[in-house]
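We did not get these values from a lab; they are worked out from the coordinates using the rules stated. The shown structure was predicted, so the numbers you read here are calculated from the model rather than taken from an experiment. As a convention, Cβ positions derive from the backbone with ideal geometry for all residues, glycine included, and neighbour counts pool all protein chains shown.
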Amino acid sequence: MNTRPTLFITALALLFSSVGTGCLYTEAFTQQTKFMNPKKQKKMTTVYDFKLTDKKGNEVSLSQYRGKVLLIVNTATGCGFTPQYEDLEAMYKRLKGEGFEILDIPCNQFGNQTPGTDEEISQFCQVKFGTDFPQFKKSEVNGPGELPLYTWLKSQKGFEGFDADNKLTPLLEQMFDKANPDWRNSSNIKWNFTKFLIDRTGNVVARFEPTRDLSKIEASVKELL
């Protein structure tokens, strides 16, 4: 008896641990690879040219982070990668005093794994993981409604592949291949907890997929501090 389909379904359930959301992965994959934002925008040279809206609705200019090393992350509260919040907070505590900031941008585009309001998301992260780094309004990172910041980030660092040493990489690749065989050629964000590393002058120096070991990311951050 062929048990491979059963094993694959079980693995998917472990990856997408949020109840009722894993089954939506195909729709999310198709949506994110279907289009790039066609809108032309003003050329922006550094991260400081952009603004975000915080979780309370206030506009925040990223120029206030001038001179700091930034890690920009699109997050989710019900994803198999959500436990990364704990390691991100630990990294933040270790390096904040040296000029490091994490900018948390919740997103519900991948399997509907961030369904709550901004207040609910904030409470979840603080109670579950004790997060203290800045969290912004839930936003889109792909498609017509994507943040201008993400249009720029993706133009600076495209997708270069998932990390071969992560056990979840084969599952992610199989799912993307099934949804769209050409997904590797898009710079779109592939899943929750993709990270962009920004240096002290506001330039993008690296993009890390959610499969990248956080200890390796921390080492890259320290090189810039």
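Expressed as a whole number of Å, what is the distance separating the alpha-carbon centroids of the range 103-125 and the range 45-97? Result: 13 Å between the Cα centres. Among the trypsin sites (Lys or Arg not before Pro) in the range 89-183, those placed in a DSSP loop whose Cβ has at most 13 other Cβ atoms within 10 Å are K167. Measuring between alpha carbons in the structure, the pairs from K128/K178; K96/K128; K56/K96; K138/K195; K56/K128 lying more than 27 angstrom apart are K128/K178.
In this structure, the amide hydrogen of V60, modeled 1.01 Å from its nitrogen in the peptide plane, lies closer than 5 angstrom to those of L52, T53, D54, counting only residues at least 5 positions away or on a different chain.
3J(HN,Hα) along the range 99-113: x, 10, 9, 10, 10, 9, 10, x, 8, 10, 7, 10, x, 6, 9 Hz, from the Karplus curve 6.51 cos²θ - 1.76 cosθ + 1.60 with θ = phi - 60°, whole Hz, x for Gly and Pro.
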